[in-house]
Amino acid sequence: MKRYLHAFLLLPIISFAQSPKLTDEMAVKLSEKPLHCINQEYPNKTAHIINTANEVPLSPKDLHPSFYGCFDWHSSVHGHWMLVRLLKTKPTLSVAKEIENILDNSFKKENLQVEADYFTKYQLTTTFERTYGWAWLLKLDEELMTWNHPKAKIWHENLKPLTDKILASWKTYLPKQTYPNRTGVHPNTAFAMVFALDWARAAKDKDFEKQLTEKAKYFYLKNTKTPAYLEPDGSDFFSPSLEIADLMRRILPQKDFVKWLDNFYEKRSLENIEKIPVVSDLSDYQTVHLVGLSFTKAWCMKGIAKSLPESHPLKKDFQKTATIFLNNGLPLLFQGNYGGDHWLASFAVYALED
């Protein structure tokens, strides 16, 4: 309890500090989290639906030889994304060779083929990791696709069967998705569509981009006075309203986005989403989600601020608040247990980027 209290006592001191940067020292410290857990099979929360008695004995590694670690499939995927991102942007890190060896093992062609075959080999897999895990898989693919490095080209090619499977599933599902999920946890639709749209543009998949853009407008364009004054729920790591705004900034011209945003938020909702999440128990696997909420709020606010004109009052406000959230979340990241260790570092890396 004392260490948690210590972290909270630091908040008034660091809240108005400069925005933290992803230094080499910070990158190495954060990399320790996925480097430790990518090959750690247990504890494990599988999302596999057991359909026959023959599937009962299957271990996480049997089902997913590449993404079996880090407690669950999606956390393994975004842990891999983080390591790719660090190796790509900071190739001289002291742990660069260790990262490369981990990725070489995970991105073996035969292992990734098994990952792809999972979606046809077993029944009831159409909803597996839909759409949170799908989104992180496309983010991982985007990172490899946009990296002009010999190893990245091999890893990207090996990942392709799985990427193609996820992409086909998403293109089938999206037209049938009548309503968005507005939750603050994994099924959040807006978050997933953000990563999918980024991937579509990087891959120059115009059809998927159009499909996502039209669906985003259908879901959110007429949304006004969002009840963000009710956020968050007790285990949220997304702000549902900020995720929507982070999506809409990508698909609307600046003038239209400003008009939409001004109608989307009321004063009481803006005041509420800028409050720091209270994390009462860092050892609780659900409550610790609220640490992640600081990171996702930070990256949404930074992105929204970039999309606003200099004269808009939220531009500087969101920039300042994003810094507060980052300085709040980073100390807590290193004080919990495996409930946060298996996933929070990748959120921090994404939030720290400019």
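The values are calculated or read from the model by the stated rules, or taken from the named source; none is laboratory data. Here the structure is a predicted model, which is why all the values come from computation and not from measurement. Cβ placement follows ideal geometry from the backbone for every residue including glycine, while neighbour counts extend to all protein chains displayed. Quick note on the areas: whole protein, heavy atoms, side chains included, nothing else; ligands and nucleic acids left out. Shrake-Rupley method; radii C 1.70, N 1.55, O 1.52, S 1.80 Å.
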- Query: How long is the gain from GLU41 to LYS97 if the chain were fully straight, where each residue apart is worth 0.36 nm and the alpha carbon distance is subtracted?
  - Reply: 17.9 nm
- Query: Taking the alpha-carbon centroid of each part, what is the distance from the stretch 337-354 to the stretch 246-301 in angstrom?
  - Reply: 17
- With viscosity set to 1.002 mPa s and temperature to 20 °C, compute the Stokes-Einstein D of the stretch 215-354, Rh being the Kirkwood radius across alpha carbon pairs; µm²/s, no decimals. 139
- Message: Using a 1.4 Å probe on the protein heavy atoms only, what accessible surface does THR126 show? Give it in Å² to the nearest 10.
- Response: 100
- Message: Please list VAL56, VAL194, VAL114, VAL278 from largest to smallest accessible area, probe radius 1.4 Å, with all protein chains kept in place.
- Response: VAL278, VAL56, VAL114, VAL194
- Item | Relative contact order computed over the chain (Cα-Cα under 8 Å; 6+ residues apart), in percent | 21
- Grab the alpha carbons of the chain, take their convex hull, and tell me the volume per residue in Å³. 139
- Length-normalised contact order of the stretch 168-284 in % [C-alpha pairs under 8 Å, at least 6 apart]: 29
- Cβ charges +1 (Lys, Arg) and -1 (Asp, Glu), total dipole of the stretch 174-295, debye: 680
- Query: Tell me, what is the Rg over Rh of the stretch 163-252, with Rh the Kirkwood radius over Cα pairs?
  - Reply: 0.97
- Task: Please express the Cα-Cα pair-distance distribution P(r) of the stretch 170-220 as a list of whole percents, one per 5 Å bin, running from 0 to the bin with the greatest distance.
- Result: 5, 21, 33, 26, 12, 3
- Task: Please get the size of the charge dipole for the chain, origin at its Cα centre, with Cβ charges of +1 on Lys and Arg and -1 on Asp and Glu, quoted in debye to the nearest 20.
- Result: 920
- Message: What is the percent carbon and sulfur in the accessible area of the chain, measuring with a 1.4 Å probe over the protein chains and ignoring ligands?
- Response: 54
- Taking only protein heavy atoms and a 1.4 Å probe, the highest-to-lowest accessible-area order of ARG201, ARG250 is ARG201, ARG250
- Query: If you place +1 on the Cβ of every Lys and Arg and -1 on the Cβ of every Asp and Glu, how big does the dipole about the Cα centre of the stretch 199-248 come out, in debye to the nearest 20?
  - Reply: 380
- Message: Give me the one-decimal nm value for the distance between modelled label points at TYR179 and ARG201, 7 Å along each residue's Cα-to-Cβ direction.
- Response: 3.0
- Query: Taking Cα pairs under 8 Å and at least six residues apart, what relative contact order does the stretch 80-223 come out at, in percent?
  - Reply: 25
- Query: How much length, in nm to one decimal, is gained on full extension between SER59 and ASP164, taken as 0.36 nm per residue of separation minus their Cα-Cα distance?
  - Reply: 35.3 nm
- Find the cysteines in the chain that fail to meet the 4.7 Å Cβ criterion with every other cysteine, and list them. CYS300
- What fraction, in whole percent, of alpha-carbon pairs in the stretch 35-159 exceed 19 Å separation? 46
- Two pseudo-spin positions, 7 Å from Cα along C-beta at THR127 and at LYS21, lie apart in nanometres by 4.7
- Neighbours of LYS320 by Cβ distance under 15 Å: Lys/Arg at +1, Asp/Glu at -1, summed charge +2
- Query: Using a 1.4 Å probe, what is the accessible area per residue for the chain, in Å²?
  - Reply: 45
- Query: Taking 0.36 nm per intervening residue step and subtracting the Cα-Cα distance, what contour gain separates LYS29 from THR224 on full extension?
  - Reply: 66.0 nm
- Task: Show that you can apply the helix-only estimate: for the chain, add -39,500 (n - 2.57) for every DSSP H stretch of four or more residues, divide by all residues, and state [θ] at 222 nm to the nearest 500.
- Result: -20000 deg cm²/dmol
- Query: Over the alpha carbons of the stretch 96-191, what is the largest minus smallest coordinate on each principal axis, giving the biggest first in Å?
  - Reply: 44, 29, 20
- Which order do VAL185, VAL77 take by accessible area at a 1.4 Å probe, largest first? VAL185, VAL77
- When the gyration tensor of the stretch 46-97 is built from Cα positions, what are the square roots of 5 times its three eigenvalues, in whole Å, from largest to smallest? 32, 9, 6
